[in-house]
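Here's the structure, in structure tokens; my notes come after.
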Amino acid sequence: MARIERQKRIIDFTLSSLLRRKGKNLALIAAYSWIVFLLASVLFITEAIRREAGLVLQDAPEIIVQRLVAGRQESIPVAYGEKIKTITGVRSVKGRLWGYYYDPTNGANYTLVVEEDRLKEAGRVIIGEGVARNVVGESYGTMPFVGYDGAYYFFEVAETLPADSSLVAADLIIVSATDFRALFGIAESLVTDIVVEVRNPREFETIAAKIKAMLPDTRPVLRDEILRTYDTLFDWRGGLIVIILLGSLMAFIIFAWDKATGLSAEEKREIGILKALGWETADVLMIKFWEGATVSLLAFFNGVLLAYAHVFLTESSLFEPVLKGWSVLYPRFALTPYINAYQLWALFFLTVVPYTVATIIPSWRAAIIDPDSVMRT
Amino acid sequence: MIRLHHIRKVFNQGKPSEFTAINGIDLRIDVGKITVLKGPSGSGKTTLLSLIGCMARPTSGRIFLQDREITSLPERFLTTIRRSTFGFMFQQFNLIKGLTVLENVMLPAYPTDSGYSELKHRALHLLETFSLSHKSSAKIEWLSGGEAQRVTIARALVNEPSILIADEPTAHLDTKLSKTFMEIMTRLNQEGTSILIASHDPMVFAHEAIDRIIEMRDGKMVPTGAAA
């Protein structure tokens, strides 16, 4: 009990010391919070986007077969699908139609796909949330398209996709197979690519190799490869931001070192008085520890809460252009809040631990001020 | 009883700025008395006080407190002795700005095991003794010189020390306040506290309550016969 009482009084004194030097400490906490905020924002946004994309790709096909001509993707004959079906272990084969459409009016790129389960009827489209924002308001429920031959098409908007996971689906337009072929001039015998379902997940690679051997002008793409590409992409984007942040981080370290370690004459005098009055070196170290802990924890919680609000409430307004938006059409959506303990620990070790370590030696130097220093001044 | 045996204190030893502040002092100070170290500036009074008060270690020689040799004790033990045995009053008062009078008085007892309410009670009682109750929640920078002096006395007494050490306590006080200070010292001594003062103020060393004057010059004691 006595020890707790003693600690309480030391914490009490520390807090009153911090309040007595409001200006300095508030500046330190503000700079520190800013760094935690930036780092936490990057961590939260990359992790949430990666998770979002992962969820979307969970339902992606196991193997996609594309046809390459001179190293570029071309439409693939429907007949290729029939050949693939003969490979043992293949459960089903399905041709897909999809492509990109540039809308010069809005300066946006849309992804057009055919999903016969959702839309069979010609003359109608189902659009993503991002497309709806751009188009529907002005065209009263119809969307104009210009075909490959310059002809105009007007499709009725049948439905708008929910915004739940709009990162990938924001610029999506679902059209019927008939309309798709008419728009892009694709023959009935061709599809964009072929989706292959395999019975045994351990045979993905074997079957991909068999397809390649049977149809040498094709490229089988595995789902795992797509996931890996996404991961690399988001890691790279996150890394890009972290590199930009390194400058700020360095500036903060210098600032923190100076503020947390440079003792003013007044502080030195105070420590001298405390030592003369019977405070031990350990007590002064304890003050310094509590000072650092208070500043660190306040800044950490400030930064994390602000970053949470930034990423999940304001849609990452600061980083959006870098981390998202690879097409002209920026997906505007609220990411599903996702934070795990590992992220918080990583953040804690990236910010609080370096700060604490940086202040150990100067704190110790402050604590060993001779008690008779006040007698000599 | 405090006993000093062949005490030397050298600052910046081995450097061009080497300075011998205390040069071979042998001294015995009895408890329950008011002892004054008298001498001009630079005579070594303050250094001797800080050695006796366990704030610094001598370069050579030994100090005994109640027959216990304290010179070679580790810092932690010296601090404990300093906190429990001595109360300090400094020339510049050395109160901490921004804290209240009560907090300043309680400061020396923060690292002890006393309970907060007991400690607060003790501090308030001391403030009452020195007619400062009404100032307990005032910030230290709002006090007059006399009030600040009384706060330092209260602070020095909060751990109930047996020896009070005062370094030039009247240096910043006028005649009236110096007299009041000496009256307080006399009363405390009558209540059983030993008092050790370094001063070159006649208001102090010529005071009737003084039991012993030790005159110092150039880091040495002036032979007894020559003292006032």
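Among residues that are in a helix (DSSP H, G or I), of a type outside the set (Asp, Glu), within 8 Å of chain A (Cβ to nearest Cβ) and on the phi < 0 side of the Ramachandran plot, B:LEU107 is included. The set of residues in the range A:16-29 that are touching a residue at least 24 places away in the same chain (Cβ under 8 Å) and either within 35 Å of the chain's Cα centre (by Cα) or more than 14 Å from A:GLU267 (Cα to Cα) (or both) comprises A:LYS24, A:ASN25, A:ALA27, A:LEU28, A:ILE29. Can you pull out the residues in the range A:271-303 that are under 21 Å from B:ARG83 (Cα atoms) and either under 34 Å from the mean Cα position of the chain (by Cα) or of a type in the set (Phe, Trp, Tyr) (or both)? Matches in the range A:271-303: A:TRP279 only.
Strands (runs of 3 or more DSSP E) fully within the range A:149-230 that include at least 1 residues being touching a residue at least 12 places away in the same chain (Cβ under 8 Å) and small (Gly, Ala, Ser): A:152-160. More than 14 Å from the chain's Cα centre (by Cα) and under 30 Å from A:GLU197 (Cα atoms) - does that describe any residue in the range A:35-56? Yes, the range A:35-56 contains a residue that is more than 14 Å from the chain's Cα centre (by Cα) and under 30 Å from A:GLU197 (Cα atoms). In this structure, does B:THR47 turn out to be surrounded by 15 or more Cβ atoms within 10 Å (Cβ to Cβ), within 11 Å of chain A (Cβ to nearest Cβ) and touching a residue at least 12 places away in the same chain (Cβ under 8 Å)? Here the answer is yes, as B:THR47 does meet what is asked. Within the range B:102-120, the set of residues being free of Cβ contacts under 8 Å to residues at least 12 places away in the same chain and closer than 13 Å to B:ARG155 by Cα comprises B:GLU103, B:TYR110.
Residues are listed down the side, and each one gets a yes or a no for (1) farther than 30 Å from B:LYS135 by Cβ; (2) under 17 Å from the mean Cα position of the chain (by Cα):
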site	(1), (2)
B:HIS6	yes, no
B:VAL31	yes, yes
B:ILE81	yes, yes
B:ASN94	no, yes
B:ALA109	no, yes
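Kindly indicate whether B:LEU124 is assigned to a strand (DSSP E or B) and away from chain A (no Cβ under 11 Å). No; evaluated as a whole, the condition is false for this residue. Buried (at least 20 other Cβ atoms within 10 Å of the Cβ) and either part of a helix (DSSP H, G or I) or at pLDDT below 85 (or both), is that true of A:SER363? When the stated conditions are applied, A:SER363 passes them. The range B:137-214 holds helices (runs of 4 or more DSSP H) entirely within its bounds, and those carrying 1 or more residues that are within 15 Å of B:PHE86 (Cα to Cα) and not acidic (Asp, Glu) map to B:145-157, B:175-190. Residues of the range A:294-318 that are among the aromatic types (Phe, Trp, Tyr) and in contact (Cβ under 8 Å) with a residue 24 or more places away in the chain: A:PHE300, A:TYR308, A:PHE312. Only one of the numbered conditions (1) surrounded by 15 or more Cβ atoms within 10 Å (Cβ to Cβ); (2) away from every other protein chain (no Cβ under 14 Å); (3) over 30 Å from A:ASN109 (Cβ atoms); (4) modelled with pLDDT of 75 or more is violated by A:LEU318, and that is (3). Within the range B:71-101, restricting attention to residues that are more than 10 Å from chain A (Cβ to nearest Cβ) and buried (at least 21 other Cβ atoms within 10 Å of the Cβ), the residue that is modelled with the lowest pLDDT is B:MET89.
Look at the range A:260-281: where a residue is modelled with pLDDT under 85 and a partner is part of a loop (DSSP other than H, G, I, E, B) and surrounded by 18 or more Cβ atoms within 10 Å (Cβ to Cβ), sitting 6+ places away or on another chain with Cβ atoms under 7 Å, you get A:LYS268/A:ILE369. In the set B:GLY14, B:GLY32, only one residue is surrounded by fewer than 19 Cβ atoms within 10 Å (Cβ to Cβ), touching a helix residue (DSSP H, G or I) at 6+ places or on another chain (Cβ under 8 Å) and away from chain A (no Cβ under 14 Å); that residue is B:GLY32.
Would you be able to tell me the number of residues in the range B:163-178 that are of a type outside the set (Ser, Thr, Tyr) and closer than 18 Å to B:LEU132 by Cα? So the answer is 3. Scanning the range A:75-102 for residues that are without any contact (Cβ under 8 Å) to a residue 24 or more places away in the chain and over 24 Å from A:VAL198 (Cβ atoms) yields A:TYR100, A:TYR102.
The criterion of at least 3 residues that are over 15 Å from A:THR218 (Cα atoms) and among the hydrophobic types (A, V, I, L, M, F, W, C) is met by the following strands (runs of 3 or more DSSP E) wholly inside the range A:73-125: A:108-114. Scanning the range B:51-70 finds one or more residues that are out of contact with any helix residue (DSSP H, G or I) (no Cβ under 7 Å at 6 or more places or on another chain), without any contact (Cβ under 8 Å) to a residue 12 or more places away in the chain and away from chain A (no Cβ under 13 Å). Reported count of residues in the range A:1-52, each being among the charged types (D, E, K, R) and more than 9 Å from chain B (Cβ to nearest Cβ), is 6.
The values are calculated or read from the model by the stated rules, or taken from the named source; none is laboratory data. Note that the structure is predicted; figures quoted are calculated from it, not measured. Ideal geometry is used to build each Cβ from the backbone, glycine not excepted, and the neighbour counts take in all protein chains shown.
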